[in-house]
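Following: one structure in structure tokens, then a few remarks.
What follows is calculated from the coordinates using simple rules that are stated; it is not laboratory data. These figures come from a predicted structure and were not determined experimentally. For neighbour counting, all protein chains shown are included, and Cβ atoms are generated from backbone atoms with ideal geometry for every residue, glycine included.
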Amino acid sequence: MTLIKELKSKIEKLIEVIPKDTNVFEQINKESLKSKLNRLQKIDEVLKKEKYNITFIGSVGAGKTTAISHLFNLIHYIETVSKKGKNRPIEVVEPLLSTGSGRTTICEVVINSSDNISIEIDPYTKEELKEEIEYFCSTFYTKNNDNDNDETQNKSMSEEIERAIRFIVDLKKNIKVNDKNIDEAKEKAKELDEEQFIKFAIERADLENRCYTKKDSRLEFNGTNPQKWIKDNFSKINRGEISTFSIPKKIYLNVNKEIYGNSYQENFNTVIDTKGIDENPIRKDLLDQIEDENTILIFTSSYNDAPKGDIRALIEKALSIKSKMYEDRFVLLVMPRHNEPMQENDGDGSWENGTLLKKEIIKKVFKNKGLDFKEDNILFYDALKYYDLEGRIDRDYDEEDIEEEKEEILKSFSDIIEKRKEKLKDEVKNIEDSLSFQNENIELTKEDEALINKVKRDLENIRELDKRVPNYVYEEFTDSYIDYYATTYKAWNTKDAIHRRYGVFPERNYSTYFDAKVVAEGRNSDEMLKKFTIDLREEVIKSIENLGSEIKALESITPSISKLFESDYDIFIESVGNRIEEFLQNENENREFWSDMIERRGQGSGYNDDVTRMFKNKLKSLRSGLSLDGLFQEFVEDEWEKLIDKILIFFKK
């Protein structure tokens, strides 16, 4: 953008002419110009991006992958026999990303536009695959550790990973023997002890003859029916059916224009289908996607409970970081099924009226949470709207209706990108306008300088956090963290899987260390660090804004200072979280810390209460001799001083 280049050059020249020994106004002016220069650089980087990634985030089983398949032409029509009336042949739609039985894909899927069609994977290493097989085997020797008979007491290994491992070790879950259904793994576990069973399974897995690099884990299409090839091989990879492959951590599907189409899809770089959310919605891999400036986030939700609780929690966590303006890149894609909008209370029975009513309900949910979610970014899409229950195109519609519906959604995605770019261009124009005032040669009065010095003294007082925040607020951290651990991972065997991996569960993207960061920062504006520093944040912003309203010379400068502080405040929050996460990972990712909790497995009822108590006691007295609460206070006070020092730079003269 030519204007950005011109403004950057202009600002650099303005900074150069400000003398090193300068008065307080010129010092504030100089630092304000620097902040505008940095902001222009970031805007320039964003506007230079020609294509965005489109990342879909949603709960397991909500229809996320089905929607992606239909939106991006990853479907085909197959001939089958009608189940109604006479067994007549019919043509039905089928998504290419279907995995057969099971609830979802095994891992994240990245769809790229390419000249050729291929599938490749980031595989589990040999050691990681061996560990998963060992864990699978060990589950058959573990008695239930709690007596709650709660439905949360499910297996900690995901159905998708278990299904793949069963194929790799050739132990079927449901096979008929002598007119009786048996589980081959369970039967084998009855014959062998745990060590023998693990040895038996690993021998069957043929680990030596599998590929463990992305380069070697690749399939290329060279046939005549690309859709069938994609469908068959995608399913095989998900189910662990390729004898030379390991289990995938990530699947890359590369498709050409023949598959992808030539419409709005060309505006997007990659399409990412993230691993479905189950127990913990605030995962590091999802927040990393949100953090990427080059990504539009599509949060998917089923119709009746939109926005679903787990999606709402993730959105709330992100939008509590005000300076990032994530709302410009957030979309809620509500996915009705079977004419649900037509059954909306107080509706007139039409799709259009039903979705309008539902949108108002969703807006109220976001408003009640204090979330700034853009109304235009709430969309509705039913991939099977124009199909009957068997998958045939309904007789009242045709392929043109299907394409129009799809193109409308894709155009909405493109429009969101364009609106974001226009908003950034407006910001550039505002910076340009502010420079005309900022370039004036202004002398401050003694009253002005007195007011500035008062603000400086106020900031120096705010810098001493121990005088403003009572010690007891830090003492809530460990309890909040333990409560998060206990309630997020309700199943005892999920906890056990985390303990045995020393605090992490990579298969499901769980990490107790990252959880500590999440709790420390606060999942929303009313929790932990955000809660007990928010008033101080507002106090600083108010002081800066008062300078602009009281001193005309600073009127064009203080908005950029406030904006910079808001951004630095969010960095302060994140820095504390990062230090907590890093410290705990370095301190506790070892058997010594987790051994008592590991050994608690198989010792009878009361497991959840016992391991929760053990975990808490260990955090109260870490190996370094510190308590987690004391550590939290130390990090907060240290990072807060750095934050206020950044603002004091403006007033150092």
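Sum up the charges of everything whose Cβ sits under 11 Å from the Cβ of ASP526, counting Lys and Arg as +1 and Asp and Glu as -1, but leave ASP526 out.
+2
When the C-alpha atoms of the chain are aligned to their principal axes, what extent does each axis show, in angstrom, from largest down?
Per principal axis, max minus min of the Cα coordinates gives 99, 64, 54 Å.
Once you put a point 7 Å from the Cα of PHE140 and another 7 Å from the Cα of GLU258, both along the Cβ direction, what distance in nm separates them?
Placing both labels 7 Å beyond Cα along the Cβ direction yields 4.5 nm.
Neighbouring Cβ atoms within 10 Å as the yardstick, rank ILE198, ILE57 fewest first.
By the 10 Å Cβ count, ascending, the order reads ILE198, ILE57.
Where in the chain lies the longest segment free of GluC sites (Glu not before Pro) that are both loop residues by DSSP (not H, G, I, E, B) and have at most 16 other Cβ atoms within 10 Å?
51-150
What translational D, rounded to a whole number of µm²/s, comes out for the range 445-651 from Stokes-Einstein when the hydrodynamic radius is the Kirkwood one over Cα pairs, at 25 °C and 0.890 mPa s?
Details: Rh = 19.1 Å.
Result for D is 129 µm²/s.
Identify all lysines with a Cα-Cα distance to LYS363 below 23 Å; exclude those on the same chain that are fewer than 8 residues away in sequence.
Reachable lysines: LYS64, LYS308, LYS317, LYS322, LYS324, LYS374, LYS411, LYS419, LYS423.
So how strong a dipole does the chain carry about its Cα centre when Lys and Arg Cβ are +1 and Asp and Glu Cβ are -1, to the nearest 20 debye?
700
Hey, if you put +1 on the Cβ of every Lys and Arg and -1 on every Asp and Glu Cβ in the chain, which of HIS76, THR244, THR512 ends up farthest toward the positive end of that dipole?
Positive-end residue among those listed: THR244.
Using Cα centres only, tell me the gap between the range 182-234 and the range 241-314 in whole Å.
Each part's Cα centre sits 25 Å from the other's.
If you average over every viewing direction, what projected area does the convex hull of the Cα atoms of the range 230-302 give, in nm²?
The directionally averaged projection comes out at 7.1 nm².
Can you list residues from other chains, or at least 5 along the same chain, whose modelled amide H is less than 5 Å from the amide H of THR295?
Placed amide hydrogens put ASN53 under 5 Å from THR295.
Full-extension gain between ILE361 and GLU592, please, as 0.36 nm times their residue separation minus the C-alpha to C-alpha distance.
78.1 nm
Taking the Cα centre of each part, how many Å lie between the range 617-653 and the range 505-578?
So the separation of the two Cα centres works out to 15 Å.
Given +1 on the Cβ of Lys and Arg, -1 on the Cβ of Asp and Glu, and no further charges, what dipole in debye does the range 497-653 carry about its Cα centre, rounded to the nearest 20? Each step should come with its number before you reach the end.
On the way: 24 positive and 31 negative charges, 89 e Å.
Dipole of the range 497-653, to the nearest 20 debye: 420 debye.
All other residues with a Cβ under 14 Å from the Cβ of ASN353 taken together, and with Lys, Arg as +1 and Asp, Glu as -1, what is their net charge?
Working: positive: LYS358, LYS359; negative: GLU340, GLU344, ASP346, ASP348, GLU352, GLU360.
Surrounding charge for ASN353 is -4.
With contacts defined as alpha carbon pairs under 8 Å and 6 or more residues apart, what's the relative contact order of the range 445-651 in percent?
Value for the range 445-651: 33 percent.
So if the hydrodynamic radius of the range 370-429 is defined as the Kirkwood radius over C-alpha pairs, what does Stokes-Einstein give as its diffusion coefficient at 10 °C and 1.306 mPa s, in µm² per second?
113
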